[in-house]
1. Quote the convex hull volume per residue of the stretch 70-137, based on C-alpha atoms, as a whole number of Å³.
2. Ignoring solvent entirely, what values of log10 I(q)/I(0) come out of the Debye formula for the stretch 31-155 at 0.11, 0.16, 0.21 Å⁻¹ when each Cα is a single scatterer?
3. What's the magnitude of the charge dipole for the chain around its Cα centre, counting Lys and Arg as +1 and Asp and Glu as -1 at the beta-carbon? Answer in Debye, nearest 20.
4. Could you work out [θ]222 nm for the chain from helices alone, using -39500 (n - 2.57) per DSSP H run of at least four and dividing by all its residues? Round to the nearest 500 deg cm²/dmol.
5. Using a 10 angstrom Cβ neighbour count of at most 16 plus a DSSP loop assignment to flag exposed trypsin sites (Lys or Arg not before Pro), which longest range of the chain is free of such sites?
6. Restricting attention to the stretch 49-143, which GluC sites (Glu not before Pro) occupy a DSSP loop and are surrounded by at most 10 other Cβ atoms within 10 Å?
7. Roll a 1.4 Å probe over the protein heavy atoms and report the accessible area of Met139 in Å², nearest 10.
8. Probe 1.4 Å, all protein chains in place: accessible area of His47 in Å², nearest 10?
Amino acid sequence: MTQTIPGFYYHRVTVADGVALNVAVGGSGPPIALLHGFPQTHLMWRHVAVELVTSGHTVLAPDLRGYGASDKPVEAGPDTYSKRTMAADIIAVAKAFGHDRFALAGHDRGALVAFRAGLDHPEAISHLACLDVLPTLDMWDVLHGASAAVGFHLYLMAQPPGLPEQLISASAEAFFSFFLDQWTKDPSAIPEPVRAAYLQASREAVPSIVADYRASATVDVEHGPRQSPF
């Protein structure tokens, strides 16, 4: 059974040529977009989204490009999954629902996209929350020595196309389960149906997930910068 956020409607929104995002939409009032992390989908916001609707907000919760039920374009070059491109996707989603200015919150990978949206589109972002992430350049700066082992997946997925996709695809269940297990302090926080949805979505998106991470070691570094957009 497909997992959804109760009371939300689902739309496919075209954000670029040949690319559409799966977007859960609910509520009315001041708009806020919620961007998920890895290895998750928009479902990670299921409780927060309902609370925001109850408090009088319009909530947009997309699956990022390359994740969940959103399109997963083939990595044609470094810009396909750059955070600049993925941020433009979110601006397009908001505009599709009539919002030229909105609040934006992101977790993990979604926070990198949110940060880039604030830098590139400050006129569109009224409030910005970036959770559980460092800006890209700072992240690479702080990973040194044995302590960098916690970020082994960053280095694996930074490699050129081919090997990382092959290795992860060969053990996708174990690979993605590892992060859900290691990063969850309370196992009951992810009910089994939601966990199964995360794992299925991730297994079906190995090339695009790797491309997203690869961009963070290449084109996203080139785009920089470190400073906050606000």
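1. Values: hull volume 6.1 nm³, N = 68.
Hull volume normalised by residue count: 90 Å³.
2. -0.39, -0.80, -1.27
3. Details: 15 positive and 23 negative charges, 56 e Å.
Dipole magnitude for the chain comes out near 260 debye.
4. Numbers: 10 runs with 96 residues, N = 230.
Estimated from H runs of four or more residues: -12000 deg cm²/dmol.
5. Details: sites that count: Arg101, Lys185, Arg226.
No qualifying site falls inside 1-100, the longest such stretch.
6. Values: sites: Glu51, Glu75, Glu123; in loops: Glu75, Glu123.
Those that pass, being in a loop and sparsely packed, are Glu123.
7. 30
8. Here the accessible area works out near 130 Å².
The values are calculated or read from the model by the stated rules, or taken from the named source; none is laboratory data. The model shown is predicted, which means the values in this text are computed figures rather than measured ones. Quick reminder, even Gly has a Cβ in these numbers, built from the backbone with ideal geometry, and neighbours come from all protein chains shown. These area figures cover heavy atoms from the full protein model, side chains too; ligands, DNA and RNA do not enter into them. Shrake-Rupley method; radii C 1.70, N 1.55, O 1.52, S 1.80 Å.
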